[in-house]
Amino acid sequence: MASTRRESPTPPWSAALRLLEAGCFAPIRGKQLLAITKTIVARKDEMLSHEKNDTFYLLFAVLASHHISCGINEFGRLSLPAVLHANQVLFKFLLKSLLSPDTTLPVSQLQLVLVLRGLCTGVPMLAQHMVTSWTDKIKASSIPQEPTPTKDPPSQADAEKAEVVPSGDLLEELTVSSLPPECQTEDGAMDQGEAEASGSATAGSNLAKYWMSANISSLSELGATDTLLQMCCRLPQLQRFMDHHSQLLSGQLQLLPTSGRDAAALRQSLKVLTDEIGVVWHLMSLPILEPLTPDRVDTLTKISCACLHVGLAVTAAHTVTCSAASTPAKGSTSHHLEEDHLHYTASIVQMSLDVFDSLSALLQNSVRANGMMVQNIRLLEAWCILGALHTVMGLSSAVAVEKAKDPVAGRKSDGPAKTTTTRPLSGKGYQVGMDGLIVALASHGLSQLKSLFDDFHLEYRSQKTSPQLSQYQKVDISTRYTAWERIQLLTDHVPLVSLLFHIFTSAYKKACILQRQRKGSLSSEPVGSSDSNTFYEDDFSSSEQSSEDEEDDDDSELILGHWFEETISPQQEDDTTQDTNVPSPVPDGTPRRQDLKGVASLDAVKLATDRSDPETLLSLATEVLTFITTYLVNSSCLPAKQYFSASLSDQQMAAVAIVIKDLDKECTDTEAWWLQGLSSTLLWFLHQLLVTDVLPAPVQVNLLSHLGVSPREAGSWPLQLKPHCLAVLTRHLLLQQRKLGTAADNSDVLNIWERFIDTLKNKSVSQDTAADTDDLNVEHLQLLLMLFHNLSCNNRRKVLVHTASALIAVANAGNLQTSMPLTLSRLVLVFDYFIHNFSEVPGYLVDQVRRNLFSGQYGGVIKTTHLDDESKAKMWFTFSDCETNYRKNVHMVESNTGSSLNPKFYDCSRRYLDQGHPLY
C-alpha cells in the first residue's frame, strides 16, 4: 500500500493575505491559522532572505504573529508542532528586524518587541487599532510576485486522493506528535464550538506552559537574549544615559535638568524615551535572560541604570516645569499637551522602577548570581534615586533664580525681577515638586534603604569587631562589600539624614495643603504656616538664667520612684503593617496617550496626579519617620547611631518643630482622624529621640526654643501646651532630673514655675479680653504640679510665696470688675492646691500624669470623672453641670465680652468635686 504523500505546492501569498484581512473583523480559527503557518514555513527562505518589498514581509510577519498568539488554544497535538516550527521562522525574522531597525517602515522597535513577546507567551500585546492599521497598509502594499510553476498542477481528484492515504496520516502522527499527555488535545475542537472537547481549563493551562517553554527554547537557540541586549544598548536616547551613568560612577555630578530650557529640551523627546524604556521593560518581562553570566549581568545593570536615570531626569524636568509655569486653562491646547507630557513622564518613571525591580528579582532568584550582587543592585538603586532626589527637591529656589535670569521669561514684566527666598526646610520650597512622581521614587528608595540597613544590623550583631571605615570610592556590582561599606558609600554620596527630613516635612505639608483643598478651603497655605514664620524670624538665640545654689532640705526627695525610671526608658516599636504594594502591571502597546493601557492609563495616571490623595503623601511622611526612628534613632548598631547624631542640625529640628505645632493645632479638629497614624509615629520618634541620648544637648535646647517651651529663656510661659509639644517638654525635664540625681533640684523647673505664675498674674491684670482665650489646659497643669513636688522644700516655699505675691498684685490692680476672671481663676486654683497638698503629692496626680502624658492617647481631650475608667478616657476632675450651664449661655457671654471662650471646668483635687462646688 502506497504511503508516500504527494508534495503539496507552495501556498500563495494571496490566500494567507485574505485570511489576515478577515482577522480584523472576526477571530481566525484553527484551520485558517494552520493555513497561515504553512505559508510561513513554505516561504521561510523567501522571508528571511528578502531584499525588496520589506514593508509587505514585515507587516505579514507581525500580523501573523499576532493572530497566532491570539489562537494558541486552536491547535491540537497534530498541528501544534508545525505551528511551533512557524514560530521559529517568525522569531528569526523579528530578531533580524530588531537588530537593523528602519525608521521608514510602519512598525517601530517597541511594536516589534510587543509582537515578539506576545508570540512567545501566547498573550496578544497589540491594540486592535494597530492591527486594523497594519492590515490596511498590507492591503495597499504590493504582493511579491509568485514563482512560475514548472509543471501542471495536480488535478483536484489527485489532490483529494493523496490527502486520504491512511498510512501517510499514521506516519505523520507517529513522527510529528511529541506533546506531553496533559497537553494533547484534538485538532478542530474549537472550530466546532466544542469548548469542552479541548480538555477543560487545566489542559489549556498546560498547553500554554508547553507553548512558552518551546518558544523559549527556540529563542535560546537563536541567541535572542544577546541580540535583544545588543539592540537595547544601541537605542540612541538610552545610550546617552548609559554614558551619563558611567560618568556619575567616576565621580562627576549628576546631570539633571535644573533650568527651564533644559527641561523643555528633555520634554521634547518624551515620546522617544517612553518607547525606548518600553522596549527594555518588555525585554525584562521575557524569561530568556538566564544564564546570568558576568558579562550579561553587567550589560543588564548598565541598561537598568540608564532607564532609572531617564526616570529621574524626566521627574526633574517635570518639577522644573511645574515650578516655573502657571497652570494652563482646562480644555486649552496647552492643557492637553501638558496632560500628554504628564502621562509620558509617569509611564517612564513607573517602567524605570519596574525594570530595576525585575533585575533585582532576577538576581535574587538566579542560581548563578549571589546575595552580594542583589545587595549591590539595591545599593546602586538607592544611590541613584536618593542622589537625584537631593537635587530635585531643591529645584524650586533654583527655578526662581533661573526665571530672574531668563530674558524670555522676563519680557512679560517691565519691573525688576523679584527673587523669593524660602526658609530652609519650611516646605514651601518643595511643595510644588512633591508630587506623585517624587512620592514613588522616594518610596522606592526608602524600601532599598530598609534592605541595606537590615543587612547591616544582621552583620553587626554577628560580628565581634567594630566595622571599619570603607576604602571604596565607587559603587561596583561585582565588588564584595560589607554591609557597613555599602551604607558608607551611600552616605558619602548624599546627606541621608538631611534628605530624609526634607522628604518628611515636604510630604507632610503638601498633604495638609491637599487636605485643605479637598475640604474646600480657599487658602493654599500649609496648616500652621503662621507659626512657622516665627521660627525663621528669630535668631534662635537662647539665654540661660543662672540659678542660685540652694541648700538641700531634709525632706527633699524624688517622689516618682520606680515609675520615673519606667517612664523615661525607651519604648518598643509597635508592630507595623507590612507594605503590601504590588508591582503594577505593564503597559501594553505603544505608550501614547490614546493607547495607554495597564500602568500607563491607570497606575501611572494615579502616580502622577496626587491632587485628591493627601493620604499617599502622609503615608510617605509616616514611613520616613518610622525608618528614621527604627534604623537610626533606636538602632542597636552604634555606628548608625553615631552617624545620625553627628548629622543632626538645628535646621532639621526647626522643621520638626513646625510639624509638631501644626499637628497640635490639627488634633483639635474633629476631622483630624487622617493624621492619627503620623501623630502616633511622631510621638514615638520624639520619645526615642530624647530618651536614647541621640540628640545633642545644644540641638535639644534649640528644639525646645523652636517650640516656645525652652526652660532657660526669659519672658512669659505659654499656658496652652498641646500633646506633642507637652510630650517633648515632659521627657526633657524628666531626663534632666534623672541626670541630676534624686538629691538635686532642677533649676529649669523653678524657672518654669516663676514664669508660669508671672504669666497668670500679667494676664489677670490685663485689659485685653483676647488674652483670656489662651486657657491653661489640664494636662499642662498636671505636669507642672508633678514637677512642683520634685522640688526641695525650700524651693516649694519660694513657689508658694511667689504665687501669693501674684495674687496680692492682682488684688491691688483695681480692675477686677472689668477684667476677665479666667486666668485669675487658674491662679487661685493653683494656690488652693498648694495650700492643701504642699508637702505630700496626692496619689491620683501620679496616675493622672501617667495616663494623660504617657499612655499614647494624644487625640482630643476625653473627659472622665472616675479613676477606674482608665481604659476609655483621660483622667481629670471635671464639672459637667457647670459646663452644661455655660454652653447654654455661651452666646450671651460672647456678645458681652467680644471674644469667643471655650474654658474647661476642672479642679486639681477631688474634694470640691465630691462636695459639688466647683472652684471656677
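Structural remarks
- Whether the stretch 674-739 is rounded, prolate or oblate, judged on the alpha carbon gyration tensor where a/c under 1.5 counts as rounded: oblate
- Of K44/K92; K519/K722; K44/K209; K474/K641; K450/K661, pairs whose Cα-Cα distance is over 21 Å: K519/K722; K44/K209; K474/K641; K450/K661
- Peptides 832-844, 54-66, 787-799, 13-25 ordered by average Cβ neighbours within 10 Å, highest first: 54-66, 787-799, 13-25, 832-844
- Note on D774/E339: beta-carbon distance plugged into 1/(1 + (r/R0)^6) with R0 of 45 Å gives a FRET efficiency of 0.40.
- Mean Cβ count within 10 Å, highest first, over the residues of peptides 105-115, 27-37: 105-115, 27-37
No lab work stands behind these numbers, since they all come straight from the coordinates. The structure presented is a predicted model; accordingly, all values stated were derived computationally and were not measured. We place every Cβ from the backbone using ideal geometry, glycine too, and count neighbours over all the protein chains shown.
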